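The values are calculated or read from the model by the stated rules, or taken from the named source; none is laboratory data. Keep in mind the model is a prediction, meaning the values are calculated, not measured. Note that each Cβ is placed from the backbone with ideal geometry, even for glycine, and that neighbours are counted across all protein chains shown. Side chains included, ligands, DNA and RNA excluded: accessible areas come from the protein's heavy atoms. Shrake-Rupley method; radii C 1.70, N 1.55, O 1.52, S 1.80 Å.
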Amino acid sequence: MLERIRIVLIGTSHPGNIGGTARAMHNMGLADLALVAPRCEPLTADTVSRASGADALVHAARTVETLEEAVADCTLVVGASARSRTLPWPMITPRALGERLPEELAAADGRVALVFGREDSGLTNAELQRCHAHVHIPTNPDFSSLNLAAAVQVLAYECRLTWMAHGEAPAEKDDAQPLASHEELEHYFTHLERTLIAIGFHDPAQPRQLMARLRRFTLRARPERMELNILRGILSNTEKLARPEQPATGERASRGPEGD
Ligand code: SAH
């Protein structure tokens, strides 16, 4: 179970926090670390010193440019946030997150990503809107921002508690249908937006959070891969109806070089 949980750090600027994260993960039995566009050299003397013997996790970490790449194969993406945001998103507590893991990982191909933000500015709204849910570690409301590696420690501990209570491999359900991965969901959102523009329902110049709301709705539903394929089929047919047939070559030629 623990090997199917990935810790994702976005835009980290202090190597010591990467080392501290590796230590927190290794203490709790997690090993899969991804770094998205780090704003520092990930492996420095500070990293090694704060990792206290867990720097192998940093050596093995995957460094990528975007959140999408880091979580493409994940079926549940949870963003850790110290603050609440303008468009409220489903929130879970660290304990509820841990307790949800056996069920999540029992789904065929289930893989979970826990995403952490920058030390100075956290996660952007766009990044948070790519997550199924947000997790907030309860704190003193007057001082709510934990050190990055400390936040990783708290959530990694909850993962371990659940693993200790449930044992190693969660039984794969007989009827488990693969859930849509993050990458499949992103393709769907791109297709949906393009179609909504084509039928005149969505004006990107006046977005009014339409796509964010549709994202929230879709992510809350946790669609299976097959359900998403049906929705994409509907979008493809809608697009065909929305686009008048391309004129035949001869017709186009008769309009002259500029067309009309
Ligand atoms: N100053 C930033 C917080 C940065 S702390 C802000 O105001 O958003 C770095 C990261 O640690 C955060 O992006 C978040 O992923 C995690 N973190 C810190 N405190 C947290 C908390 N109370 N709950 C959940 N995540 C937290």
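Some notes on this structure:
- Every residue from the stretch 31-50 that is aliphatic (A, V, I, L, M) and open to solvent by 20 Å² or more (accessible area, probe 1.4 Å): A31, A37, L43, A45, V48
- Single unsatisfied condition, R39 versus (1) within 14 Å of the ligand (Cβ to nearest atom); (2) in contact with a strand residue (DSSP E or B) (Cβ under 7 Å, 6 or more places away or on another chain): (2)
- When the criteria are applied in full, R4 fails the requirement of being within 16 Å of the ligand (Cβ to nearest atom), open to solvent by 10 Å² or more (accessible area, probe 1.4 Å), at negative phi and not aliphatic (A, V, I, L, M).
- Restricting the stretch 91-110 to residues that are under 10 Å from R4 (Cβ atoms) and assigned to a helix (DSSP H, G or I), the residue that is nearest to the ligand (Cβ to nearest atom): L101
- Filtered residues of the stretch 56-90 (kept if open to solvent by 40 Å² or more (accessible area, probe 1.4 Å) and more than 15 Å from the ligand (Cβ to nearest atom)): A56, H59, A60, R62, T63, E65, T66, E68, E69, D73, P88
- Residue within the stretch 157-177 that is within 10 Å of the ligand (Cβ to nearest atom), at pLDDT 95 or above and open to solvent by less than 30 Å² (accessible area, probe 1.4 Å) present: no
- Once the stretch 9-32 is narrowed to residues that are touching a Lys or Arg at 6+ places or on another chain (Cβ under 6 Å) and not in a loop (DSSP other than H, G, I, E, B), the residue that is farthest from D120 (Cα to Cα) is M28.
- Screening L114 on (1) under 20 Å from R39 (Cα atoms); (2) within 12 Å of the ligand (Cβ to nearest atom); (3) open to solvent by less than 20 Å² (accessible area, probe 1.4 Å); (4) in a helix (DSSP H, G or I) shows it passes everything except condition (4).
- Residue list for the stretch 44-60, filter: over 12 Å from H26 (Cα atoms) and in contact (Cβ under 8 Å) with a residue 40 or more places away in the chain: R50
- Considering residues of the stretch 135-152 that are buried (at least 20 other Cβ atoms within 10 Å of the Cβ) and more than 7 Å from the ligand (Cβ to nearest atom) only, the residue farthest from R213 (Cα to Cα): A149
- Test result for G53, open to solvent by less than 10 Å² (accessible area, probe 1.4 Å) and small (G, A, S): no
- Scope the stretch 117-134; condition in contact with a strand residue (DSSP E or B) (Cβ under 9 Å, 6 or more places away or on another chain), near the ligand (Cβ under 7 Å from one of its atoms), part of a loop (DSSP other than H, G, I, E, B) and farther than 15 Å from R6 by Cα; matching residues: L123
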